[in-house]
Each structure stands twice: as C-alpha cells, then as structure tokens.
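Asks: This is the structure I want to talk about, given as structure tokens.
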Amino acid sequence: MQATLAGIRVVEQGTFITGPCAGMMLADLGADVIKIESPEGDPYRAYQGGQYSPHFQAYNRNKRSLALDMKRAQDCEVFRRLVREADVYIQNFRPGTAARLGAGPGQLLELNPRLVYCSISGFGSTGPYAGHPSYDSVAQALSGFLSVVVDYRRPQFLGPALADAITGLYASQGILGALVQRGRTGRGCHVEVSMLEAMAHFAVEPFAAFFALGQTPSSSDRPRLAQAYILHTSDARLIALHLSSLEKFWEGLVAALEAPELARDERFNSRLSRIAEYEALRQELDARFASKPLAHWIERLRAQDVPHAPVNRIDEVVHDPQVEHLGVIVPVEAPHGAASSVRPAFQFDGMRAHSVRAAPLLDEHGKTIRAGLAHGESWPAPQPQAAAAARG
C-alpha cells in the first residue's frame, strides 16, 4: 500500500484505546509513530496479564515504543526534542494532566508552532463533567447511542469497545484535516475530540429523526424500517437479511421460501404493513428458516438476489472466500505476538497493505531512538524490523 503519510512524524502518549487507535490509523497510512510510554507501560499491555495482551497488540501495530519517565529532566528533554520535530502529538489524558506533565497544548505549540496537537477526552476539556472518569460504556450510555442499540427488556452491553475505537477514528480524521489546513497556513492547531461528542455524532441519524419527527428513537426503529432480520436455521446457525425498501427483495424472499401465502397475507402485502407488523413477520420468517440448514438458505437467497449473509464467527471470517480474495488477513512482521492481523481497510490505486508491523514491546526502540538523538539526529529514523519469517 502507498505510504500516503510517509514523512509525517507522530508522538503519541496514548493509553488504552482512544489515543492508540488514533495513532494506529496514522501509522497504518505510513506515518512514523513513536509511542511514548511510562516505564510501567501502557496499562492496556497488561489487560489480561503479562505485558503484551492481544488488546494492546490490536491498537498499537506499526509503531515504535519509547519509555520515558516524565519526572526525570533527561527524559523530558528527549520528549521535547522529539516534539520539536513532530508533525502530530496525540494524548488521551484527563483534562489538565498533560499540562502537569509539561505537555499541554500551549506548552507544545509554543515549542513547535507547526504541531497538530490532538487531545482526546471523555467529556471535553471544560464543563460540569470535564473532570469525571469516562470509559467506553459510559460514553455509549451518555451520548444516547446505547439507547438505540440496547434491548430494554434485556439490557446488556454487547460487542467490542465501540465508543473507544470510534472516538479514535474521529480523532484521526480531525488530525488529517488539521494537517491539510497546515499545508495552507504553515501553522499547526489544537484538535479536541471527546468520546461524548464522537458518539453523539456517530448517532446522527437517530438525532435527525428526533429533530424531524419529534419522537424519541428506540433500538427497534432501524431494523424495523430497514426490514432487517436475524433468523435461526435448523443447524443452530444465524443468518441476517436486509430487505431495504425495494419490493424486489421481498418478492425474492417469498420465492426463496416458496411461501406465496406470505405475499397474500394482508399483514405483509406492502412495505408499510410489513414495517407495522415487523415482529409478526419476524416470527413467521424465523419459523420457516428454522426448518432448513444455513447452507440451504444461502443457496436459495443467492439465487433470488436477496441481500443476506451468515452471521460469521471470527474464525469463519478468516476463511471466507471474499475475505481471502481481498487479502484482508495479512502476516505480522515480528517474531513475537500474533502471527496474523487484519490489514488497513484502504486501497490506493489498487494497492493495499500485504503485512503489518507488530505492536512494539515496551521500550523496544528506546535504545535506538536515544542513541540517534545522542548522535545529533533530530528524529531518529526507524530501523528494519525482523520479518514474520523469523518466527521460531
């Protein structure tokens, strides 16, 4: 893949997910990201014990690690020397913490006026919640996002840390916009992103419905309006359907089921009636799909061009024909950690990444970076990393 951000230098002081995700997105595009960690390391390293959890590996690939004790004058000088040459700085501390470490936006922008400084917080840098702790679950709940995905009859959190990762994505987008602006003005700026604002924006469609219709959206609205279903098959698998608003997909489903009685049923004879009778239709479809195995329904639905997909487990995605065709799973270049990873989603002029560099061990590049600075390098260049083939 083309390194579209080649030459962009990033100092990341991120922990857990939001900051590291933003840094990873830039690293995936070719930026040189030096991850500054405390001597104890990013707490996410030890999320399941040890110092190299799979969670840490997920958001810290393609980076270099440098451990600095910001209480030591010598380490603070190393930090400042890197910042003077950096294009981007990322932190996701609680508001006020960076300034106490000598890394507040005013402090670093005075040191380097071309710097794009990105601070990520839970609730913003000011206001009644600014000092409160925030994590993924809190941001999902407060922003309204959780209310449009949770089933109030059986409320529970599901899936990965969406608010954390989505906030990191928004932060990387803001950074890229600021870099474009800097190309015009020659000056950096302070980019701020909070988890609350990111998740509220991510839920822009339910908010738009509320402002337009004056009705509070619920978690059942979108699947009902989109005519989306998750159904059981006889072999204890799940299949997802999305009929959308085109009548041909309903007609194709009826044909795939060989169930003309559904088309004649007054409850289901128009899209609006199917929306009104969503739960009744879901039960009818679930009973029919439960009569045959998943492979049968995939063949039938594909023949009728009905939008569908099996609810794949992660181990099945790895071997899915389309995933294999796109080269989504790539080797990791390092003798430690997971051997494979999901590549960046981008392609540029048909070129895509064919490997990724492993997340760094704690202070893995500290000696090289310090030695380079000692020899007068303003920003020590990365050294080649051991190839995946070197795995023992």
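Asks: What is the one condition in (1) within 30 Å of residue 14 (Cα to Cα); (2) out of contact with any Lys or Arg (no Cβ under 7 Å at 6 or more places or on another chain); (3) surrounded by 15 or more Cβ atoms within 10 Å (Cβ to Cβ); (4) at pLDDT 95 or above that residue 337 does not satisfy?
Replies: Exception for residue 337: condition (4).
Asks: Only residues that are in a helix (DSSP H, G or I) and surrounded by fewer than 12 Cβ atoms within 10 Å (Cβ to Cβ): list them for region 234-250, please.
Replies: 247
Asks: Okay, next question. Against the definition (more than 30 Å from residue 243 (Cβ to Cβ), touching a Ser or Thr at 6+ places or on another chain (Cβ under 8 Å) and in a helix (DSSP H, G or I)), how does residue 196 come out, yes or no?
Replies: yes
Asks: Only one of 26, 66, 5, 82 is part of a loop (DSSP other than H, G, I, E, B), of a type in the set (A, V, I, L, M, F, W, C) and buried (at least 21 other Cβ atoms within 10 Å of the Cβ); which?
Replies: 5
Asks: Of all residues in region 199-217, how many are in contact with a Phe, Trp or Tyr (Cβ under 8 Å, 6 or more places away or on another chain) and not in a helix (DSSP H, G or I)?
Replies: 3
Asks: Quick one: in region 160-219, of everything that is farther than 15 Å from residue 149 by Cβ and of a type in the set (S, T, N, Q), which residue is surrounded by the most Cβ atoms within 10 Å (Cβ to Cβ)?
Replies: Across region 160-219, the extreme among qualifying residues is 167.
Asks: Residue pairs, Cβ under 6 Å, 6 or more apart or interchain, first in region 45-65 and at pLDDT below 95, second among the polar types (S, T, N, Q). List them.
Replies: Between residues of region 45-65 that are at pLDDT below 95 and residues that are among the polar types (S, T, N, Q), the close pairs are 47/53.
Asks: For region 134-156, enumerate the residues that are touching a residue at least 40 places away in the same chain (Cβ under 8 Å), part of a loop (DSSP other than H, G, I, E, B) and within 25 Å of residue 224 (Cα to Cα).
Replies: Result: 143, 144, 145, 149, 150, 151, 152.
Asks: Moving to a separate point now. What are the residues in region 177-193 that are more than 24 Å from the chain's Cα centre (by Cα) and either part of a helix (DSSP H, G or I) or among the hydroxyl-bearing types (Ser, Thr, Tyr) (or both), if any?
Replies: Listed by number, the residues that qualify are 181, 182, 183, 184, 185.
Asks: Taking the stated definitions as given, is residue 190 more than 23 Å from residue 161 (Cα to Cα), of a type outside the set (Gly, Ala, Ser), assigned by TED's automatic domain parsing to the domain that holds residue 27 and touching a Phe, Trp or Tyr at 6+ places or on another chain (Cβ under 7 Å)?
Replies: yes
Asks: For residues that are closer than 14 Å to residue 118 by Cβ and either among the aromatic types (Phe, Trp, Tyr) or in a strand (DSSP E or B) (or both), tally how many sit in region 10-23.
Replies: So the count comes out to 4.
Asks: Inspect region 48-61 for any residue being small (Gly, Ala, Ser), surrounded by 15 or more Cβ atoms within 10 Å (Cβ to Cβ) and not in a loop (DSSP other than H, G, I, E, B) and give the result as yes or no.
Replies: Checked against the condition, which is being small (Gly, Ala, Ser), surrounded by 15 or more Cβ atoms within 10 Å (Cβ to Cβ) and not in a loop (DSSP other than H, G, I, E, B), region 48-61 yields at least one hit.
The values are calculated or read from the model by the stated rules, or taken from the named source; none is laboratory data. What you see is a predicted model, and the numbers here were worked out from it, not measured in a lab. Cβ atoms come from the backbone with ideal geometry, glycine included; neighbour counts cover every protein chain shown.
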